[in-house]
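Down below is the structure, laid out as structure tokens.
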Amino acid sequence: MSQVRRATEADADAIAELTCEAYGKWIAVLGREPLPMRVDYHDAVRRHRFDLLYEGDSLAALIETTPDGDCLLIVNVAVRPGMQGRGLGRRLLSLAEEIAAEGGFPALRLYTNALMVENIRLYETLGYRREREELRDVGTVVYMRKSLSE
């Protein structure tokens, strides 16, 4: 049985562990650790909303969101490697849409590395559209947006 609950600061270490596991596969693709692997989650939990998805007693996935102008920004979506492919990420992205609607945000925004092709493909199938791409020191960043009115 799965359940979702809001994170507290006491969850910061578990959030960091899951995020590192989930993003570990991208090190070889990017040639470095993805940014979410380098975050101070004790600080992030104080500043952002984290929703944690549990399968039984195990933390299986999480989503981190925060207001960003007229949008709800999805900062991080992470699914434990052994739990990927079960729709947990989609479920949390759907939850983000509910959070955005409840908060009066007309749209969601996220960004990802252009080399994370499978993630971009997923976001596009869920209705996210590319806003722009920007070359930065971490590579090409793809900014995506989903309007809730579409």
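Every read-out reported here was derived from the displayed coordinates using simple, explicitly stated rules and does not represent laboratory data. Worth saying up front: this structure is predicted, and the values here are computed from it rather than measured. Here the Cβ positions follow ideal geometry from the backbone for every residue, glycine too, while neighbour counts run over all protein chains shown.
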In order over segment 26-37: 3J(HN,Hα) from phi, Karplus 6.51/-1.76/1.60, θ = phi - 60°, whole Hz, x for each Gly or Pro, gives 8, 4, 5, 6, 8, x, 6, 6, x, 3, x, 7
In sequence order, what are the phi-derived ³J(HN,Hα) couplings for segment 68-78 according to the Karplus relation 6.51 cos²θ - 1.76 cosθ + 1.60 with θ = phi - 60°, rounded to whole Hz, with x for glycine and proline? 8, x, 8, 10, 9, 8, 8, 7, 7, 10, 9
What distance in nm lies between label points placed 7 Å from Cα along the C-beta direction at R130 and D40? 3.5
Under the 0.36 nm per residue contour assumption, what length would be gained going from the current alpha-carbon distance of V29 and S149 to full extension? 39.7 nm
Taking the Cβ of V142 as the center, what net charge do the other residues with Cβ under 12 Å away carry, scoring Lys and Arg +1 and Asp and Glu -1? +3
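Based on DSSP H runs of at least 4 residues, each adding -39500 (n - 2.57), what is the mean residue ellipticity at 222 nm of the chain after dividing by all its residues, to the nearest 500 deg cm²/dmol?
-9000 deg cm²/dmol
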Of L122, I27, M83, which is farthest along the charge dipole of the chain in the positive direction, counting Lys and Arg as +1 and Asp and Glu as -1 at C-beta? L122
Would you mind calculating the relative contact order of segment 2-147 from Cα pairs under 8 angstrom and at least 6 residues apart, reporting the percent as a whole number? 18
Taking H placed 1.01 Å from N in the peptide plane, check which residues at least 5 places from L148 or on another chain put their amide H under 5 Å from its amide H. A107, L108
Order these by the 10 Å Cβ neighbour count, fewest first: T65, T112, T125. T125, T112, T65
Which order do R6, R49 fall in if you start with the one that has the fewest other Cβ atoms within 10 Å? R6, R49
What order do you get for H42, H48 when you list them from fewest to most C-beta neighbours inside 10 Å? H42, H48
Compute the separation of the alpha-carbon centres of segment 25-69 and segment 86-113 and state it in Å as a whole number. 14
